[in-house]
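Please read the structure below before turning to the comments.
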Amino acid sequence: TVPRRRLAVRAAVVWMLGMLLVLLAVPVNVILPAYGVLFAIAIALVTLPTRALVVLAAFLAVVMPFAVGAINRVTGGADGESTSTIVVMLGWYYPFPLWTAFLAAGLVAGRLLIASSRWTLGLIGVGAALASTGYFVLGPIGNRATEALDGGARTEVGLWLLSRLRDGPHSSGMGEAVGSVGFALAVIGVCTLIGGTRLRWLFWPVRVLGAMPLTAYTAHLAVWAAWIAITRAEGRQFDPMDDFRALDPFWPMVLGVTAGCALWAVFVGRGPLETAVSRLAVADLPHRLRRHEV
């Protein structure tokens, strides 16, 4: 009961934070509303057996690319590009029916690694096989079918079905789903392997960012929003996306956010937003449970 309640609170808090970031009008598809929805879905998934999660992840990765594609065709929000209220509230650019496969696969990976560190190499092997299948087998087939459709070919059902195998970024294709799951599993395995050696200290800045992802994500959007506000106050005509990209902000943003998170970790500890969400999640628990959960 306690883990479910914590997940419900986290789902609500992350979703609301996402909607606040949407209001900043930064020209990005904010992922936090989708994460809020996925946290809510996780309430049901955490009680499933590991084998059931494996089956569910495989089923969703294979079936949902077609379902999501059909929904987008019917609603007119192809590939999640619609700006309607419901699309924004659900974070549909990251469609939860498909992304639940990633959630289920992540739960499986976590359980296996907790059970035994011997699963580390297994995750790397399975992940590499899935990534290869998604990106080098399924993806090319779907990409060619998509190019044929975009080139003005007659929209046949068979050709459209094949196009759902594509692997383009945020295409919600089967190639992307299978490839992304595999890549993520392999990376988890590699990171776990490195984490068991002294090499982990070379990656300390990355580990710091991984320990406060909500803070880091929010910070970089807040910086972008501040630049937009300052530029607008100066009365200049500008494009929030193109003009910001023209500043080559990647490395300044990466280094700045990393340095900020590192300093916070050294002098304070846990990330501020992570701490806030955790405390809210256990706010109504008895004191004896609250100390354990936080």
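The values are calculated or read from the model by the stated rules, or taken from the named source; none is laboratory data. No experiment lies behind these values; they were computed from the predicted model shown. Don't worry about glycine lacking a Cβ; one is built from the backbone with ideal geometry, like all the others, and counts go over all protein chains shown. The area values use the complete protein model at the heavy-atom level, side chains included, leaving out ligands, DNA and RNA. Shrake-Rupley method; radii C 1.70, N 1.55, O 1.52, S 1.80 Å.
Data table
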read-out	value
Calculated FRET efficiency for the pair T75/E156, C-beta based, R₀ 25 Å, to 0.05	0.70
Stretchable slack from A25 to V254, in nm (0.36 nm times residue separation minus alpha-carbon distance)	80.3 nm
Volume of the Cα convex hull of the stretch 1-159, divided per residue and given in Å³	143
Nearest-10 value in Å² for the accessible area of V46, using the 1.4 Å probe	60
Full-stretch length increase - F238, A128 - with 0.36 nm per residue and alpha-carbon distance subtracted	35.3 nm
Of every Cα-Cα pair in the stretch 154-220, the percent that sits beyond 18 Å	61
Accessible area (Å², 1.4 Å probe, nearest 10) - D150	130
Sequence ranges 170-181, 18-29, 111-122, ranked by mean other-Cβ count within 10 angstrom, highest first	170-181, 18-29, 111-122
Kirkwood Rh and Cα Rg combined as Rg/Rh, the stretch 183-294	1.09
Kirkwood Rh in Å, taken over the chain so that all alpha-carbon pairs contribute	21.2
Extended-chain gain in nm, criterion 0.36 nm per residue less alpha-carbon gap, R4 and R279	97.5 nm
Paramagnetic label zone (point 7 Å from Cα along Cα-to-C-beta, A58; backbone N under 19 Å) in the stretch 149-191	174-186
The stretch 1-65, Cα convex hull volume normalised per residue, Å³	77
Of the trypsin sites (Lys or Arg not before Pro) in the stretch 178-262, those whose Cβ has at most 11 other Cβ within 10 Å and which sit in DSSP loop	R236
Length-normalised contact order of the chain in % [C-alpha pairs under 8 Å, at least 6 apart]	19
